[in-house]
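Have a look at the structure below, then the notes.
Nothing in this text is a laboratory measurement; each read-out follows from the coordinates by a stated rule. Not measured: the values here are computed from a predicted model. Here the Cβ positions follow ideal geometry from the backbone for every residue, glycine too, while neighbour counts run over all protein chains shown.
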Amino acid sequence: MNDTQEIENLIDDYATFADTRQADSQLALFTDDAKTAVYFPGKPNDPQIISGSQALLDGFSGLNQYEKTFHFIGQKKITIKNENEAKAYVYTIAHHIKNEGKDAKSLMVMYIRYEDTLIKKDNRWLFKERDLHIDFIENRSLK
């Protein structure tokens, strides 16, 4: 398997672990000093910064508020900078189903882009930075 394929698998694993609530496995995809910046719609210059293992784990565990999530990965652009560093740009549509009580459910769909900085450590690609840009959010009621 070449570097690009390994990075594609890393990106896919992140989504799979998120959807199957494997926060510890998700965290294992990051370096110990990793960080992420979350850019919300309408606030392009005011990201929420999440850094360190515990903060990342807490963020991943935030998905537990949803009954189900489904991350659909679209196009990816991976650029290998050198043997130990790469960049990736990933489009994703993230679906979040929430139980609202009394047989009511809602669906929040987030249209997002990830800008990743990856490093190869101990012959394994890891996320060093994973910036999340939420372009827009759609909310729906489910029956």
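Here are the numbers:
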{"read-out": "Inter-probe distance in nm under a simple model that places probes 7 Å from Cα toward Cβ, at GLU85 and LYS102", "value": "5.6 nm"}
{"read-out": "³J(HN,Hα), Karplus 6.51/-1.76/1.60, whole Hz, each residue of region 33-42, x for Gly, Pro", "value": "9, 5, 9, 9, 10, 10, 9, 8, x, x"}
{"read-out": "From phi via Karplus (6.51, -1.76, 1.60), per-residue ³J(HN,Hα) for region 87-98 in Hz, x at Gly/Pro", "value": "10, 9, 10, 10, 8, 9, 10, 10, 9, 10, 9, 10"}
{"read-out": "Only Lys, Arg (+1) and Asp, Glu (-1) charged, at Cβ; the chain dipole about Cα centre in debye", "value": "440 debye"}
{"read-out": "Dipole of region 1-123 [Lys/Arg +1, Asp/Glu -1 at C-beta], most positive-end residue of LEU57, TYR114, THR31", "value": "TYR114"}
{"read-out": "Mean separation of Cα contacts under 8 Å (6+ apart) over length of the chain, as relative contact order %", "value": "24 percent"}
{"read-out": "Derived scalar couplings ³J(HN,Hα) [region 120-137; Karplus, 6.51 cos²θ - 1.76 cosθ + 1.60; whole Hz; x for Gly, Pro]", "value": "9, 10, 6, 6, 9, 7, 9, 6, 9, 9, 9, 8, 10, 10, 8, 6, 6, 10"}
{"read-out": "Contour excess over end-to-end distance, with Cα ends at ASN64 and ASN123 and 0.36 nm allotted per residue", "value": "18.0 nm"}
{"read-out": "Per-residue Cβ neighbour rank within 10 angstrom, fewest leading, TYR111, TYR39, TYR14", "value": "TYR111, TYR39, TYR14"}
{"read-out": "Ranked list, fewest to most other Cβ atoms within 10 Å of each Cβ, for LYS143, LYS87", "value": "LYS143, LYS87"}
{"read-out": "Computed E for LYS143/ARG113 - FRET, C-beta separation, R0 25 angstrom, nearest 0.05", "value": "0.25"}
{"read-out": "Global form of region 56-111, assessed from the alpha-carbon gyration tensor, a/c cut-off 1.5", "value": "oblate"}
{"read-out": "Antiparallel content of DSSP bridges confined to region 1-140, in %, to 5", "value": "90 percent"}
{"read-out": "Degrees separating the helix 3-19 axis from the principal Cα axis of the chain, which is the longest one", "value": "30 degrees"}
{"read-out": "Geometric extent, Cα atoms of the chain - Rg, Dmax (angstrom)", "value": "15.6, 54"}
{"read-out": "Estimated [θ] at 222 nm from DSSP helical runs (n ≥ 4, -39500 (n - 2.57)) normalised by residues in the chain, nearest 500", "value": "-6500 deg cm²/dmol"}
